[in-house]
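Worksheet: one structure, shown below.
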Amino acid sequence: MTPGVAQLPKGMCLRPESARSLLHAERFARKALSPMDTAITIEFSSALVGSVQPYELFRKIWENTRRAWNYRVKQSKAQGSFDAIAVWENPPNGPIHVHWLLRWSPLDRDDLEKRIRRALKKLAPNMPNRCLMVQPAKTTSRIAKYMAKGIDAPYAGHFYLKQSPQGPIHHRRIIISRSLGPTGRKIYRKKNGLPPI
């Protein structure tokens, strides 16, 4: 913690425990499983006001994508668990949005984008096309640090992060797939004969 820097109230920043979880999840995917390779940003514009809430909308898209991944695994078109992390931001000068890092076959990235666009069109028809950006994630450690930039200022130095306020979020700020969380890491260690942490 940085002396003399006041802490922000819960909901106004990324808590240090959440930053730690996010950074651990990315490192675990990169070093033990298979690196996540796709970065997605979805902006939720004012066109959504009065209709479905951004968090509910994204959870549906997350769940659809997770089911699609599991189906691909059954079809032998993919392998491994559905590995993903997401962070919500609500900066002072922009719309509320979510950054999402996940593992998906680079050969099928266009299919993933079409799938998400189709879901957005169905669930929130007023959202403009520019609200979605899907791109390759070349350096996931750098992307994870960028995703954690909304951390409470006193803790930024501890995690070697460049802090940037990301506004109030009135729901969960981060989402981590079960495969990358503490339980997933514990199962991995047991399966591979490694001692528990």
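The values are calculated or read from the model by the stated rules, or taken from the named source; none is laboratory data. Since we're looking at a predicted model, the values are computed, not measured. No Cβ is skipped: glycine too gets one built from the backbone with ideal geometry, and neighbour counts run over all protein chains shown. Ligands, DNA and RNA are stripped out before the accessible areas are found, and what is left, the full protein with its side chains, is counted by its heavy atoms. Shrake-Rupley method; radii C 1.70, N 1.55, O 1.52, S 1.80 Å.
With every protein chain kept in place and ligands, DNA and RNA left out, what is the accessible area per residue of the chain? Probe 1.4 Å, answer in Å².
57
Just the projected area, averaged over all directions, of the convex hull on the alpha carbon atoms of segment 57-197: how many nm²?
Seen from a random direction, the Cα hull of segment 57-197 projects 10.7 nm² on average.
Once you order the gyration tensor axes a ≥ b ≥ c over the Cα atoms, which shape class does segment 88-139 get: rounded for a/c under 1.5, otherwise prolate or oblate by comparing a/b with b/c?
Oblate, since a/c reaches 1.5 and b/c is not below a/b.
How far, in nm, would the chain grow between Arg20 and Ala119 when pulled straight, counting 0.36 nm per residue and subtracting the alpha carbon separation?
Roughly 32.5 nm would be gained on extension.
Need the C-alpha centroid separation for segment 145-197 versus segment 49-120, integer Å.
Here the answer is 18 Å between Cα centres.
Which one of Ile176, Gly193, Pro154 has its Cα pushed farthest toward the positive end of the charge dipole of segment 137-197, where Lys and Arg give +1 and Asp and Glu give -1 at the Cβ?
It is Gly193, whose Cα lies furthest towards the positive end.
Along segment 147-160, what does the Karplus equation 6.51 cos²θ - 1.76 cosθ + 1.60 (θ = phi - 60°) give for ³J(HN,Hα), rounded to whole Hz, x for Gly and Pro?
Values per residue, Gly and Pro as x: 5, 8, 5, x, 4, 4, 3, x, 9, 4, x, 4, 9, 6 Hz.
With r defined as the distance between the Cβ atoms of Lys162 and Asn192 and R0 fixed at 25 Å, what FRET efficiency is calculated, to the nearest 0.05?
Working from the Cβ atoms, E equals 0.15.
How far apart, in nm, are two points set 7 Å out from the Cα along the Cα-to-Cβ line at Arg130 and at Ser34?
3.5
Round to a whole number: what % of the accessible area of the chain belongs to carbon and sulfur, probe 1.4 Å?
54
Note down the relative contact order for the chain as a percent, whole number, built from C-alpha pairs under 8 angstrom at least six residues apart.
Relative contact order, the chain: 38 percent.
Heavy-atom accessible area of Cys131 with all protein chains present, probe 1.4 Å, nearest 10 Å²?
Ignoring ligands and nucleic acids, Cys131 comes out at about 10 Å².
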